[in-house]
Amino acid sequence: MPARIGQGTAVEQSRAAAEVQAAVVVAQQCPRNIQAAVAEMRESCKQQGLAERAFFRYSRGGQTITGASVHLARELARCWGNVQYGLVEMRRDDEYGQSEMQAFAWDVQTNSRNSSTFIVPHRRDTKSGPKQLTDMRDIYETNANNGARRVREAIFAILPPWFVEEAKELCNQTLRDGGGKPLAQRVADAIRTFEGIGITADRIENRLDRPSTKWTEHDVAQLIVIYKSIQRGEVTAEDEFPAPRVSADELTGGKADKPATASTE
């Protein structure tokens, strides 16, 4: 622990306490309008930009995990109103290589609060094993990535479930609609987008188990989520679209040496 508290820290502590009190007073004096909050949520979820970032996707234990992202959680908190949320690094211990973090979300109108305190080790899992982090930026990014998941869950914990579920369904509908573009154009755009990261159309067709001429709105929406997850580093292109295995005959052009047979003469 620090031996002293600087003037700037002392001022910030006083300001934070006053800000919390003011937020509670304002929330009581200006309570949320639920009808207006729902209308704003519905309008936000119709936007293609939000819908494309509304879901995450990653692999764990050989299974694919999907769900609503922190981007959707933050937008819903804004629409619902009178909600505070955040991530705080309470203590960093370079000797033990870890940070003590807290993620929270607080409905200041109903005084409903959810928080979690957790330890983030200063290391990153790699294919060759855990790697210790010493660069300040690497530590910051690791803390932020681990904290974002807790902030997301904290926000969803204080929001009404029906509010969240309707938002997720509307975002899915927006993805399926594709901004009003014809399905054929959206399929072509999806193929072109994946070709930009080295994924050919045949690998996508193998992944969806049908040719591109038979892709549905749901298929294109799923591809959008996968592409955004690849961009964010949640999954890899190789995990989602495995390259086809090449046989020995294909490598040798079908001229692989055959075992010699014994002569009968």
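The values are calculated or read from the model by the stated rules, or taken from the named source; none is laboratory data. Keep in mind the model is a prediction, meaning the values are calculated, not measured. Note: ideal-geometry Cβ built from the backbone for every residue, glycine included; neighbour counts use all protein chains shown. When the accessible area is computed, the model is the full protein with side chains, heavy atoms only, and any ligands, DNA or RNA have been set aside. Shrake-Rupley method; radii C 1.70, N 1.55, O 1.52, S 1.80 Å.
Tabulated results
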quantity	calculated
In Å², nearest 10: area of Leu87 left accessible to a 1.4 Å probe	70 Å²
Cα-derived Rg to Rh of segment 24-83, Kirkwood definition	1.15
FRET efficiency for Arg123 and Glu153, using Cβ-Cβ distance with R0 set to 22 Å, rounded to 0.05	0.45
Potential lengthening between Ile197 and Asp135 on full extension [0.36 nm per residue; Cα-Cα distance subtracted]	19.4 nm
Pairwise FRET efficiency - Thr216 versus Asp93, Cβ, R0 = 45 Å, nearest 0.05	0.30
Convex hull volume of segment 80-209 per residue (C-alpha atoms, cubic angstrom)	181 Å³
Near-label residues of segment 143-187 by backbone N, under 15 Å of a point 7 Å along Cα→Cβ of Arg232	144-156, 168, 171-172
Solvent exposure, largest accessible area first (probe 1.4 Å, DNA, RNA and ligands not counted), of Met41, Met90	Met90, Met41
FRET efficiency, Ser112 to Asp209 (Cβ-Cβ, R0 51 Å, nearest 0.05)	0.70
